[in-house]
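The values are calculated or read from the model by the stated rules, or taken from the named source; none is laboratory data. Everything quoted here is computed from the prediction, not taken from an experiment. In this analysis, Cβ positions are derived from the backbone assuming ideal geometry, glycine residues included, and neighbour counts consider all displayed protein chains. Remember, those area values only see protein heavy atoms, side chains included, never the ligands or the DNA or RNA. Shrake-Rupley method; radii C 1.70, N 1.55, O 1.52, S 1.80 Å.
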Amino acid sequence: MRIMTCIEDLRRVARRKVPRAFFDYAEAGSYAQETLRANREDLEHIKLRQRVLVDVSQRDLTTTILGESVSLPLALAPIGLCGMMHGDGEILACRAAQAAGIPFTLSTMSICSIEDVAQAVDKPFWFQLYVMKDRGFIRALIERAAAAKCSALVLTLDLQVLGQRHCDIRNGMTVPPQIKLGNLIDIATKPAWALSILRGRRKTFGNLAGHVQGMGNVNSLAQWTANQFDPTLNWKDVEWVRSVWPGKLILKGILDVEDARIAAKAGASALVVSNHGGRQLDGALSSIAALPKVVEAVGDQIEVMFDGGIRSGQDVLRALARGARSCMIGRSYIYGLGAGGEAGVARAIEILGKELDVTMALCGVRNVRDIDPRVIAQA
Ligand SMILES: Cc1cc2nc3c(=O)[nH]c(=O)nc-3n(C[C@H](O)[C@H](O)[C@H](O)COP(=O)(O)O)c2cc1C
């Protein structure tokens, strides 16, 4: 892992090690992938202000997220099928995050269940919720998260219908995930991956199996989502979730100022400015383009988090400079997971932390809490 110098290195190795259907699933955006690309391009367009002759010998990256102390302003985002990048992927990623001192978020659509992860780690993690039609099951899921002592509930708002990823159709991605004859040759060339999956505790959606109807049938991801997810989801349901979950609530998937204003009044502790990593509304603003207006509108009422396109510590600094209190990463850490399991995730977090540290120094900033718009260069 030492020779992995940047997130792109981890990505290249993950691409070699993980079967194509799962790597493509992780990598892709929806439709023409305009928003996926915009997430990266708009971050890269933000130029940083080089400052010199500031004593930066003492630097501090520690801060808090929702009152929790963290070693840097970062959390691992929820990733469906995380456990298909590497066997027991959710447990490994959670361990790496906790060892690094940052939060891990377990997806509803994870392979390891809430209970699997809770048993395997020492500290609380966050749980991400998708609201499905069967509210009895959703209530039970929230109660399972509470019983597992999850320290925050991340309610995802931007996936009630599924944006199409062309590769998932071409690669025959199904629910539950299935190894098909057509993929066997590919898998035969990925023995380390195959072994890790064989040894992993589960091969299907751990939180749903045995609870949700239709899990035994093989459906396309899109068809299954259409059957299970509830497109009637609205702000009244957020009130309902709020009433069932007494702990910290994070609303994920806000891009619009109007929505941010409503979210700020919904009794949540934080919101995440996010377009689901460019996987839902193609043609939407990049997350970084949407961020400043949301911060301006509600930043003094609710903690504003950010995700979408972060591949370096420079990107974290850019998002903080645009007003985010902290960031989530998705692909950056699952590339690490695919490349090297727990050590790969640990390396991804370490890379981002080191890059953020050096970038702060070169911008003349000593404390991560002092990052503000003044670090952005005006051409
Ligand atoms: C493979 C993959 C699976 C995802 N699954 C979920 C999910 O189950 N729940 C959710 O709220 N967001 C999900 N997301 C979105 C991420 O939580 C996050 O918003 C996004 O990855 C951020 O963009 P980035 O990958 O460029 O960092 C997923 C993203 C990817 C790439």
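Both numbers refer to the Cα atoms of the chain; Rg and Dmax are 19.7, 64 Å. The relative contact order of the chain, computed from alpha carbon pairs under 8 Å that lie at least 6 residues apart in sequence, is 29 percent.
Counting other Cβ atoms within 10 Å, keep those with at most 12, restrict to DSSP loop, and tell me which trypsin sites (Lys or Arg not before Pro) in the stretch 262-364 are left.
Numbers: sites: K265, R279, K293, R311, R318, R322, R325, R331, R347, K354; in loops: K265, R279, R311, R322, R325.
Of the trypsin sites (Lys or Arg not before Pro), the ones in loops of the stretch 262-364 whose Cβ has at most 12 other Cβ atoms within 10 Å are K265.
The phi-based Karplus calculation (6.51 cos²θ - 1.76 cosθ + 1.60; θ = phi - 60°) puts the 3J(HN,Hα) values of the stretch 179-185 at 8, 9, 3, x, 8, 5, 5 Hz, whole numbers, x for Gly and Pro. For the stretch 95-124 versus the stretch 280-354, the inter-centroid distance based on Cα atoms is 19 Å. Result for the chain in a Gaussian network model with C-alpha springs under 10 Å: among T232, T63, T156, the largest mean-square fluctuation is at T232. For N219 and R20, the FRET efficiency from 1/(1 + (r/R0)^6), where r spans their Cβ atoms and R0 equals 22 Å, is about 0.60.
Around the amide H of N219, modelled in the peptide plane, lie the amide H atoms of V175, all under 5 Å away and 5 or more residues distant in sequence or on another chain. Taking the protein heavy atoms of the chain in the context of the full set of protein chains, the accessible area attributed to carbon and sulfur is 53 percent at 1.4 Å. Pairs from the list K265/K354; K252/K293; K248/K293; K149/K236; K190/K252; K123/K248 with a Cα-Cα gap above 28 Å: K265/K354; K190/K252. Structural descriptor for the stretch 120-171: relative contact order 46 percent, calculated from alpha carbon pairs under 8 angstrom and at least 6 residues apart.
When its C-alpha radius of gyration is set against 2.2 N^0.38 Å (N residues), the stretch 8-139 gives a value of 1.30.
A 1.4 Å probe run over the protein chains yields, for the stretch 140-184, 44 Å² of accessible area per residue, whole-number rounding. Residues in the stretch 194-270 average 51 Å² of solvent-accessible surface per residue, probe 1.4 Å, ligands and nucleic acids excluded. Solvent-accessible surface of the stretch 29-80, averaged per residue with a 1.4 angstrom probe and all protein chains in place: 54 square angstrom. The Cα-based radius of gyration of the stretch 273-359, divided by its Kirkwood radius, gives an Rg/Rh of 1.01.
Taken over the Cα atoms of the stretch 145-211, the convex hull encloses 154 Å³ per residue.
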